[in-house]
1. What translational diffusion coefficient, to the nearest whole µm²/s, does the range 226-265 have by Stokes-Einstein, given a Kirkwood radius computed over alpha-carbon pairs, a temperature of 37 °C and 0.692 mPa s viscosity?
2. Which whole-number percent gives the relative contact order of the range 199-318, counting Cα pairs below 8 Å spaced six or more residues apart?
3. When the Cα centres of the range 18-60 and the range 132-208 are compared, how far apart do they sit, in Å?
4. Using just the alpha carbons, could you tell me how many Å³ per residue the convex hull of the chain encloses?
5. Under a crude label model (7 Å from the Cα following the beta-carbon direction), how far is residue 278 from residue 54 in nanometres?
6. If you average the alpha carbon positions of the range 77-94 and of the range 100-121, how far apart do those two centres end up, in angstrom?
7. Subtract the Cα-Cα distance of residue 255 and residue 154 from 0.36 nm times their separation in residues, and report this length gain in nm to one decimal.
8. With viscosity set to 0.692 mPa s and temperature to 37 °C, compute the Stokes-Einstein D of the range 248-318, Rh being the Kirkwood radius across alpha carbon pairs; µm²/s, no decimals.
């Protein structure tokens, strides 16, 4: 049986699974990333985890390779560079070090690119050669596929659309100190910041007038919108408008067939999709109008990140 190991490296947890050609994660495990501040010991744990998983499957299993999704990962250099939420600082030669332990093809890229490749092989982008995945979590990431290939740039860091300055004059700061960057408005964190903005702008009653910023959660904002809360509705309309206009601008770069919204904020459904679609369509150049779809992910399961990482290797076998 042919299999690929998928690894999702997060600041809190590292998730590892063995994935078949259909994108199904057959066995999986996880451990806390922060318990391994020493890179060598961390990679020893990764190898041990893969060995333990392979033992659970048939003895005739053929490990074709390892795909890895990680923050600040360079697909071309095989490194993780200056990741703010990981304990290993500077430039980390993760692929080269792991290959010393497991002699198979190993690929790494950032989480948004993993989502894009996973979507193309196993999700709703099957059959598409031009699309963009927008990940809406704590920040905003983007994986761009053009002419059937991932756009990864000169040394593997292309597609940082979250730090595209949309309001440079007096805008909010992103996590990388870009003034007016998109992720400061369109992300789980950006949504919370917009709630505070709307509370200061309007006097209408809202459940959020008695909730501290750190106690705000995206699910609660969505629930409030469902219940007709004025501030929640204004927050989503404002967020969707900014996202829609940004997507219209991004369309001029590679003319994607579709944008896919994934991550926590995308789970709000119509509250983010409807205004984003409306304002995207209104701001598209005439030649693009009616041609660009805005779609949910087809990878909405608990192993999506692991299967997406494995897709980095499976893409060479399709």
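Computed from the coordinates by the stated procedures, all read-outs in this text should not be read as laboratory data. Only a predicted model underlies this, so the values are computations on that prediction, with no experimental measurement involved. When we count neighbours, we look across all protein chains shown, and the Cβ atoms used for this are built from the backbone with ideal geometry, even at glycine.
1. Taking Rh from Cα pairs, D becomes 276 µm²/s.
2. Details: 106 pairs, mean separation 31.1, N = 120.
Averaging sequence separation for qualifying contacts and normalising by length gives 26 percent for the range 199-318.
3. 32 Å
4. Numbers: hull volume 43.8 nm³, N = 318.
Convex hull of Cα atoms, per residue: 138 Å³.
5. 5.4 nm
6. Here the two parts' Cα centres lie 16 Å apart.
7. Difference between extended and current length: 34.3 nm.
8. Values: Rh = 13.9 Å.
Result for D is 235 µm²/s.
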